[in-house]
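Enquirer: Provided herewith is a single structure, encoded as structure tokens, for subsequent inquiry.
The values are calculated or read from the model by the stated rules, or taken from the named source; none is laboratory data. Computed from a prediction, not measured in an experiment: that's the story for all the values here. Glycine gets a Cβ as well: all are built from the backbone with ideal geometry, and neighbour counts include every protein chain shown. The protein model used for the area step is the full one, side chains on, heavy atoms only, and it has no ligands, DNA or RNA in it. Shrake-Rupley method; radii C 1.70, N 1.55, O 1.52, S 1.80 Å.
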Amino acid sequence: QSDAAMVDHALRNVETRDGVDEDLERRLAASGDLNADGHDDMVVAASFEKASENTSSRELFIFLRQNGRLELAAHQVVGSAVDMAVSDGDLMVTTLEYADDDARCCPSKEVLRRYAMVNGALREMAAM
């Protein structure tokens, strides 16, 4: 199974399980070695919407390469991720948060968050 097929399969499972639809235009992906095994892993940020409740969520999916193929290893809801990269084994995610004078619709303050895989789980680390 290709990397793209594995990612699509995992995200379709979330759609089915939670009764949501992914906004494919907002999908972000980054790759790099997250668990120091010398193989590129993949991180996907996906946006899901539930039209019947007028709600949406942004979620990170961590896929680690095991025996040559990607396997879903961690999943976490995050804020409004707008950019991300893997650097020195850490996942760096830029999110938008509300500044004091922002309208409710439109967060404008960029915040850089750092995540790492710790004991098989994605953990937010202190910013560098």
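Enquirer: Run the numbers on the chain and let me know its relative contact order in percent, using alpha-carbon pairs under 8 Å that are six or more apart.
Expert: 17
Enquirer: Turning to a different aspect of this structure: Using a 10 Å Cβ count of at most 16 others and DSSP loop calls, identify the longest part of the chain lacking such trypsin sites (Lys or Arg not before Pro).
Expert: 28-103
Enquirer: Then there's this: Give the carbon-plus-sulfur fraction of the accessible surface of the chain in %, rounded to a whole number; probe 1.4 Å, heavy atoms of protein chains only.
Expert: Carbon plus sulfur share of accessible area: 45 percent.
Enquirer: What net charge do the residues around residue 68 carry, taking every other residue with its C-beta under 13 Å from that of residue 68, with Lys and Arg at +1 and Asp and Glu at -1?
Expert: With Lys, Arg at +1 and Asp, Glu at -1, the neighbours total -3.
Enquirer: In addition: How big is the charge dipole of the chain about its Cα centre, in debye rounded to the nearest 20, if each Lys and Arg gets +1 on its Cβ and each Asp and Glu gets -1 on its Cβ?
Expert: So the magnitude is around 240 debye.
Enquirer: Tally Lys and Arg at +1 and Asp and Glu at -1 over the other residues with C-beta under 10 Å from the C-beta of residue 48: what net charge comes out?
Expert: -4
Enquirer: Now for a different question. Taking P(r) over Cα pairs in 10 Å bins from 0, in percent straight from the coordinates, which label in [x] 12, 42, 34, 11, 1; [y] 11, 37, 36, 15, 1; [z] 12, 33, 20, 12, 8, 6, 4, 2, 1, 0, 0, 0, 0 is the correct one?
Expert: Here the calculated entry is [x].
Enquirer: Continuing with the same structure: Rounded to two decimals, what ratio of Rg to Rh does region 58-124 give with C-alpha atoms and a Kirkwood Rh?
Expert: That ratio is 1.07, to two decimals.
Enquirer: Provide the per residue accessible area, probe 1.4 Å, for the chain, rounded to a whole number of square angstrom.
Expert: Result: 59 Å² per residue.
Enquirer: Using the reciprocal of the averaged 1/r over all distinct C-alpha pairs, how large is the Kirkwood radius of region 1-75 in Å?
Expert: 12.9
Enquirer: Summing +1 for each Lys or Arg and -1 for each Asp or Glu, what net charge is found among the other residues whose Cβ lies under 13 Å from the Cβ of residue 107?
Expert: Combined, the nearby Lys, Arg, Asp and Glu give -2.
Enquirer: Per residue of the chain, what 222 nm ellipticity follows from adding -39500 (n - 2.57) for every DSSP H run with n ≥ 4, rounded to the nearest 500?
Expert: Value at 222 nm, helices only, nearest 500: -4000 deg cm²/dmol.
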